[in-house]
2 protein chains.
Amino acid sequence: MQAHSPNIVPTPADWRIDGAGRARLRDDLPPAMTGSHIDTQPTGGKFDGDYGGSAGLEVLSTLAEANVQTIAPFEVAVWTNQEGSRFAPVMMSSGVFAGAFTLEHTLAQCDRDGVSVRDALAEIGYADEHREPHAVGAYFEAHIEQGPLLEAHDKVIGVVQAALGQRWYDVTVHGMDAHARPTPMALRRDALLVAADPLQAVHRIALVHAPHGRGTVGRLGVHPTSRNVIAGRVKFSVDLRTADDLPLTEMDRALHAACAQAASKWSNTAAKGVSSSANNPIAIDIKQVVYFPPQPFAAQWVAEVRQSAKRLGVSSMDVINGAGDDAVYLARVAPAAMIFAPCKDGISHNEIEDAHTDHPESGCNVPPQVMPNAASNAGSIRA
Amino acid sequence: MQAHSPNIVPTPADWRIDGAGRARLRDDLPPAMTGSHIDTQPTGGKFDGDYGGSAGLEVLSTLAEANVQTIAPFEVAVWTNQEGSRFAPVMMSSGVFAGAFTLEHTLAQCDRDGVSVRDALAEIGYADEHREPHAVGAYFEAHIEQGPLLEAHDKVIGVVQAALGQRWYDVTVHGMDAHARPTPMALRRDALLVAADPLQAVHRIALVHAPHGRGTVGRLGVHPTSRNVIAGRVKFSVDLRTADDLPLTEMDRALHAACAQAASKWSNTAAKGVSSSANNPIAIDIKQVVYFPPQPFAAQWVAEVRQSAKRLGVSSMDVINGAGDDAVYLARVAPAAMIFAPCKDGISHNEIEDAHTDHPESGCNVPPQVMPNAASNAGSIRA
């Protein structure tokens, strides 16, 4: 790590917390920023999100203990509601910071119980001190990989090239709720049975676009949901991702085709029955609710992360991240890069999520060392 | 209709309502009983259940207006919680009446909000006046068909031969919840994707046992239910029915085989991945929660219903009913028969459920005429 002329020696007294839930040191100079999100999933683990903020605090602490001073401030951002478990949209506070949506719009969003972001922040005492977004010299985000590749390849650092593009959908299958007992099988318009086709298609579509293709149905609701009533309506989520925009467009087309095929197949099956009710075809509505184009990270900074790992003597490999981390929004307003730490058994969004913390040069100990190296060499922290 | 010596001329003042929700006239002689249930499904229509009680009241009213008197009382039973939408088990009050379960056990059952049957009956003023079950000379139940066959064959009366046997199950697929973005497709243990296989198998199993085979998944819940979390656990209901016990046993075996095959297939698929997490196989638990053997109705009474329709000059056809009507329990303690009226477009358990009420000799006008004919000829109402 290069020596820099004195600028800040951070202490906890310098910390600031603003209305979008960011903790930072000071903001009188365009800072290098690091951080990640503080929220998690309903059954999430302790590393997804918090690790990146903790890594940033570790950097600050190490700089302070070693009395290393930088000209540009080194700022830690702790973003809220990145996962979107409680409020939509996801990546909420980084999105406000990067201008993807306005603060007013965001504060007005409500959870399922009708509680607004504004009220939820006020309740925990974080609503008062909003600051306007400011220029960022560079953004680094340390994050556990949430996947199995680093562990499988016995690498300590993942050098993230880009974030996957993603499309989210709400799909609704409209069938006909009817009594499970007398309604002959051939006459049924069973929305759940019909939905099984696109469920499987989402998986197949992702496999076609290996290795970066992802397809997931994480939510599915049945109406009216009674044991002996054929499902009249099924609504489910679809999450499609891949590394380039063209294949993502192909996946989108394939989803529409699979739903059209399922609707046609089961409408025709029902139409072979004797009842006039079968004349009402099965309909499948597809509504796209989120679209993030694939986001490459800043080439020079990605290279610096790779070189820093090399200089530190730790192994690394290039990886692709899915979309959905705050770095994706930050990459719209600043040169950005991500540093992955290995994740035990590749498991995340699960309470048993774990990281490799035992060895000083493995897993999550390294990104805090890589970060100032990369930042100083890339020039964001100017001597 | 034969003339009978005077016994009762029913008036509303003679009505009694007891603690299990039955409305009846008097009980000093073993009566012929008719009736059906008063409850419905969350999105049920206005005929399923109430039609049978109304038909019974129509019989009583007609007997009274015509000053026809019978020796044995003619009793109308209005059963509660036949559908099981709020409380388990289904066919609750007819089950108590037939001794399938005790009154104490039944009154202690609670809905999802923890409200007991006892408290729910007390709240609507029906808890005080329980009467012990009594001997029944015969039981007739008029019901809309809840299916399309009578309408399709242009018949006015369905002569019900038997009720389908049924098995209900709770099936749980245990996968692994994980992040939808980084987790490679090949390593996933996606409980919802796995569940799509048995969902489709249930349909196929029913088709194999045509025409009486039925297979339905009406409820399905996903855990943890977030757009970007792979489903770790999926729980769904299965409802299998057919007319004879041997095929029902075969359907049961086929369900178990389909679940075992899905678990094996997807466990093996995941095991081809690079992560040690794939060593945990996918498990599918199947718990049978309800079993009703197929229930034939009383041969002599079924024949009398058919003959009565013929004497009245209305068309009829023999049909099979699914299990699940109160007549199934009553058939355990009395000779029982069911009379079906046509159902518009075969649709039931749906708010648009409708019946053919316009023509005096079609649809639901006829069973009230058939019933006393059949009852008197079969000797239950003795001259």
So, with points 7 Å from each Cα along the Cβ direction, the A:Ala88-B:Glu132 label distance in nm works out to 6.1 nm
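What's the buried accessible area, both sides, between B and A using a 1.4 Å probe, rounded to 100 Å²?
Buried: approximately 6200 Å² between A and B.
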One quarter of the convex hull surface, Cα atoms only: what value does that give for segment A:211-355 in nm²?
13.1 nm²
Accessible surface of B:Lys235 - all protein chains present, 1.4 Å probe, nearest 10 Å²
110 Å²
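Using a probe of 1.4 angstrom, how much of the accessible area of segment B:139-178 is carbon and sulfur, in percent?
46 percent
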In chain B, what residue has the beta-carbon at the shortest distance from the axis of the rotation relating B to A, and what is that distance in angstrom, rounded to the whole number?
B:Ala196, 2
Hey, which aspartates and glutamates would be in cross-link range of A:Lys265, C-alpha to C-alpha under 19 Å, not counting anything within fewer than 8 residues on its own chain?
A:Asp177, A:Asp190, A:Asp197, A:Asp285, B:Asp197
Using +1 on the beta carbon of Lys and Arg, -1 on that of Asp and Glu, and nothing else charged, what's the dipole of segment A:26-111 about the Cα centre, debye to 20?
60 debye
Copies compared at A:Ala299 - label distances in nm, ascending, label defined 7 Å from Cα in the Cβ direction
8.9
Roughly how many nanometres apart are two label points built 7 Å out from the Cα toward the Cβ at A:Glu104 and A:Ile286?
3.6 nm
Say a label goes 7 Å from Cα toward Cβ at A:Leu312 in every copy; what distances in nm does this one have to the rest, shortest first?
8.6
What is the spread of the Cα atoms of segment A:74-229 along each of their three principal axes, largest first, in whole Å?
68, 45, 22
Residue-wise HN-Hα coupling along segment A:191-200, computed from phi with Karplus coefficients 6.51, -1.76, 1.60 (Hz; x: Gly, Pro):
4, 6, 4, 4, 5, 4, 5, x, 3, 6
Compute, for B:His212, the solvent-accessible surface of its heavy atoms (probe 1.4 Å) with the complete set of protein chains present, and express it in square angstrom to the nearest 10.
60 Å²
accessible surface per residue for segment B:160-309, probe 1.4 Å, DNA/RNA/ligands not counted, whole Å² -> 35 Å²
How big is the dipole moment of segment A:77-155 about its Cα centre under a simple scheme where the beta carbon of each Lys and Arg is +1, that of each Asp and Glu is -1, and everything else is neutral? Debye, nearest 20, please.
160 debye
Listed by chain and number, the residues whose amide H is under 5 Å from that of A:Val76, excluding neighbours fewer than 5 places away on the same chain and using placed H, are A:Leu25, A:Thr34
At 7 Å along Cα-to-Cβ for each site, give me the label-to-label distance between A:Arg112 and B:Arg253 in nm.
4.2 nm
So if each residue of separation counts as 0.36 nm, and I subtract the Cα-Cα distance between A:Glu65 and A:Arg332, what length gain in nm does that give?
92.8 nm
List the aspartates and glutamates whose Cα lies under 14 Å from the Cα of A:Lys46, skipping any in the same chain that are fewer than 8 positions away.
A:Glu83, A:Glu145, A:Glu351, A:Glu353, A:Asp354
Of every hundred units of 1.4 Å-probe accessible area on segment A:219-349, the number belonging to carbon and sulfur atoms, as a percent, is 50 percent
Only Lys, Arg, Asp and Glu count, each charged at its Cβ (+1, +1, -1, -1), so figure out the dipole size of segment B:282-332 about its Cα centre, rounded to 20 debye.
200 debye
Heavy-atom accessible area of B:Trp168 with all protein chains present, probe 1.4 Å, nearest 10 Å²?
20 Å²
Karplus-derived 3J(HN,Hα), 6.51/-1.76/1.60, for each residue of segment B:167-175, Hz, glycine and proline x:
10, 10, 9, 10, 10, 10, 9, 9, x
Qualifying lysines (Cα of each under 21 Å from Cα of B:Lys310; at least 8 residues distant if same chain)
B:Lys155
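Per-residue mean of other chain beta-carbon atoms within 10 angstrom of the beta-carbon, peptide A:77-84?
That works out to 1 on average.
Go through B:Ser226, A:Ser54, B:Ser61 and list them by solvent-accessible area, largest first, probe radius 1.4 Å.
Putting B:Ser226, A:Ser54, B:Ser61 in descending order of accessible area: A:Ser54, B:Ser61, B:Ser226.
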How far, in nm to one decimal, is A:His134 from itself in the other copies if the label point is set 7 angstrom along Cα toward Cβ? Shortest first, please.
8.7
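The values are calculated or read from the model by the stated rules, or taken from the named source; none is laboratory data. This is a predicted model, so every value here is computed, not measured. All Cβ positions, even for glycine, are placed from backbone atoms using ideal geometry, and neighbour counts span all protein chains on display. Protein only, heavy atoms only, side chains kept; ligands, DNA and RNA dropped before computing areas. Shrake-Rupley method; radii C 1.70, N 1.55, O 1.52, S 1.80 Å.
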